[in-house]
Each structure stands twice: as C-alpha cells, then as structure tokens.
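Notes follow once the structure below has been shown.
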Amino acid sequence: MEYVWVEKDKDIKNIEDENMTIYIKWSKKPDEDYVKLSRQYMNAGYITLKEVIEDSRSNIKCDMWFLPGVYMIRQAIELFIKAGIAINESSKRELQETFIATKHSVSALYKIYKNKYGVERLNQDEQGWLETYLDSIELVDSSSDLFRYPFKDEFMEQYGNQALDVYHMGNRLIYCYSTLNKMIYGEWFDETELNLQEEPQFIQWANSGMNNCYLWKSPWSDGFHRQVTGYSDVATFLFGKFKESKDEALFYPIVFLMRNAIEIGLKRLLHMEMDQSIDKQIIRGKSNSHLLHKELWKTIKPMLVHYSKEDNQDGETLELAELYISALNSLDKNGDMFRYPCSYSHEYKFDDKEVDVDNFYNYLLGLFHFIDSCDAWLDHIKGYETEIKSEYLGDMRSEWIEEMRSYMD
C-alpha cells in the first residue's frame, strides 16, 4: 500500500490530475441508477473474489479480502432487487415507503417484487432455489452488516474455528445474481446459468481452513484487524485496477470500502483498553454509529490528546486529522453516500460532479494511515502501561511477602 499521510490544505474535491478524472452523473431514474450501481458492485465483488480464489494460498486474501468481496456482491443483489421494483413502480412515494419498510432485507424485497409483478420468467425449480437462497441470507445477514463489521461474539461463539468455503460461497452469490437477472430481464447474467445441484445456502462451510476463510479469533486480537485490513487492502487493490483501466465503475466501491475501513479504524480506537480509555457505557452508545466526527472522533480525541501530551508529540497532526474527518463526515455522514445512488426520498447528493479519483482516494488513504498509526502507537503505550502495572504489582507482592516473613519471625 502506498504510504500517504494527512497534509495541510488538502481538499478531497481538488482536481490535480486530469488523466485521473471522471464525471459522476446520474439519470435521476431510480430503476436505471439502481441497476447501474448494482452492476458496479457486482463487478468489483467479482474481481475481488476472483483474486482471492486465484491466490488462495494467501491467508490474508482468504481470511480478509474475502469479507468485502462477499459484502459487495450481497450489496449488488440488494440494489438489483430494488432496481427491479423501481422498473415497475410508478409512484416514487410508494417506492420510498417500500425501501424504508424493507431496508436491507433481500428476502422481503424479493417477496414484494414477486407479489406485485410475478416471477414467471423463472421455472418452478429456479424460483424455489432463489427463494431458499435469499431466505438463507436473511437468516444470518438481514441488516447487511455481517461481513461489513467485526463478527459479533454470538456469531463467533457459534461458528468460531470453522472455515467459510471461499469458492462455493462465491459461486452461489453469482448464481443468485444471475437468477435475479433472469427474473427481471428474462436472461441469465453474463450467460451464467443456475446450477440447481448447488445447495441454495448463503453460508457454506469448508472441511478445512486451508485456502478458505478461517474464522479464528486470536486471544490477543482486538477483533477489528480482519475487517480493517480486508477493506483497506481491497480498496487499494481496486484503485490499482482503476489506474490500469480508468474504469469509472470502480469509483463507488473503492470509496465505500475505504470509508468503511476508516469507520472501523476509529471504532477500534474507541475500544482501546488503556489507563485513560473510554468508559464502557459510552462505548456501547457509540459502537453502532456511522457519524465519524460527532460520535466517534469527538469521543476518541480526548484520549489521543492525553497520550499525545504525555508522549511530547505535536498536537497539530491531531487537528489536521480532525479537519479530514470533518470534511469526510460532511460528504458522507451516514456511510451510505457511495452505497446507494440516492436517498430513500430520491435525493441525489453526489451528482453532476467532476472527480479526481487519485486525489479523492489519496485523501481517504492519508486519513486511514493516520488512524492506523494511532492504533499502533496506542498499542505500544498499552504494552508499556501493562509492563509498569506488572512491575508495580510484583513490587507490592514482594513487600507483602517480606512483611509476612518479619511478622512470622
């Protein structure tokens, strides 16, 4: 990963290289725009999973890159069903009510589509496979956050030390997408015909962790490393693909992945167990927030200021990072600006804009590197604090033993 840092007077909106510039323009027709973004996430997810499978001897790619790869295709599926509903839905108000009611539930979205418009383009077996598969997504990932954030304790208690089957999970996601394409447009996507012999289950377990995504949590891990690394690495990988191809379809997935890595990185700092760490009750209240500045940064900043002063560091970098975070928060407050083409009320907030992808990406990367370095820095201090505590407790124990010996003598 190229090393970039936060800089003075850096503006995410600047155009610095015309050769890296794209123009974002939506049609303002929800059916067209949801399909367009769905294809973009499908393409980015496919490229990512292909890389994971072709380099399956890489533990980092299998254990970490696989997660954003699955997320992106799962996101493509949600966007695509919403596009199908929008194609037929005449009232924007009804469309808004539908999307608010169903949120991220692909199963609920499918049922609305089926009840309103029918699925006659699928035969009975294809329909049964698709419904079972979408229900299996609903069972474990109804909110579309299973692969976006660190696995919850309940999930790891149930499935820890097992391995997700990289190849077969990827295949089934593609089969699902292609079957939806036939349902809506009457033809298989990219000529990928559903194999009905494949079990219609979202989660597929492998017999071995070798060349698969092993769900193992180290007792020394903070639980965030897998997603922070996976999302930032894949964003960088896709940015490399953009530099080669200048394919503007990669822009939205790149920005979403890096923005998500930044959010998770801040949440990792939030959970740091230091002498001056944040109250656990406050942590519980902020853990699910997407508000980078108001909820996350402002909660973390006092801890960073405290240790910065103790370490005799210049506080200017903290203030500079805060400007970055504030700017990113203003652009994408809830982490959904680059996840959907528009809001539920059909507002297109990021539209009709010229973007220097290189400058935009490096702005995010610089902020990510700052947050990542804070984690390493605090972790080092944490080790020092633990050592001091151990020495203090050791001295106290020695004094107590001496006192007891004197008393017994």
Answer residue from region 118-145, given it is among the charged types (D, E, K, R) and assigned to a loop (DSSP other than H, G, I, E, B) and is farthest from Ala235 (Cα to Cα) among those: Glu120
Qualifying residues in region 215-262 (those that are over 29 Å from Gly160 (Cα atoms) and of a type in the set (Lys, Arg)) - the one surrounded by the most Cβ atoms within 10 Å (Cβ to Cβ): Lys241
Please list, ordered by first then second residue, the pairs with beta carbon atoms under 9 Å, 6 or more apart or interchain, first in region 146-159 and outside any loop (DSSP other than H, G, I, E, B), second modelled with pLDDT of 90 or more and aromatic (Phe, Trp, Tyr). Tyr159/Phe151; Tyr159/Trp205
In this structure, is Leu139 of a type in the set (A, V, I, L, M, F, W, C) and surrounded by fewer than 16 Cβ atoms within 10 Å (Cβ to Cβ)? yes
Residue, surrounded by the fewest Cβ atoms within 10 Å (Cβ to Cβ), within region 1-55, restricted to residues that are within 15 Å of Leu79 (Cα to Cα) and basic (Lys, Arg): Lys29
Please determine whether any residue of region 5-12 is within 21 Å of Leu365 (Cα to Cα), aromatic (Phe, Trp, Tyr) and modelled with pLDDT of 95 or more. yes
Considering only residues of region 331-370 that are among the charged types (D, E, K, R) and crowded, with 19+ Cβ neighbours inside 10 Å, which is farthest from Ala86 (Cα to Cα)? Asp356
Hits in region 168-192 (condition: of a type in the set (Gly, Ala, Ser) and part of a helix (DSSP H, G or I)): Gly170, Ser178
Among the residues of region 235-275, what is the count of those that are among the acidic types (Asp, Glu) and not in a helix (DSSP H, G or I)? 3
Within region 305-317, of all residues that are within 18 Å of Gly366 (Cα to Cα) and part of a helix (DSSP H, G or I), the one nearest to the chain's Cα centre (by Cα) is Thr317
May I ask you to say which residue of Leu67, Leu79, Leu95 is assigned to a helix (DSSP H, G or I) and either of a type in the set (Gly, Ala, Ser) or more than 19 Å from the chain's Cα centre (by Cα) (or both)? Leu95
Contact list please: Cβ distance under 8 Å, first residue in region 29-56 and at pLDDT 95 or above and part of a loop (DSSP other than H, G, I, E, B), second residue basic (Lys, Arg) and surrounded by 19 or more Cβ atoms within 10 Å (Cβ to Cβ), pairs at least six apart or on different chains. Asp55/Lys61
Conditions first: (1) crowded, with 17+ Cβ neighbours inside 10 Å; (2) at pLDDT 95 or above; (3) not charged (D, E, K, R). Leu95 passes all but one, so which condition is the exception? (2)
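The values are calculated or read from the model by the stated rules, or taken from the named source; none is laboratory data. Note that the structure is a prediction, hence the values are computed from the model and not measured. Quick reminder, even Gly has a Cβ in these numbers, built from the backbone with ideal geometry, and neighbours come from all protein chains shown.
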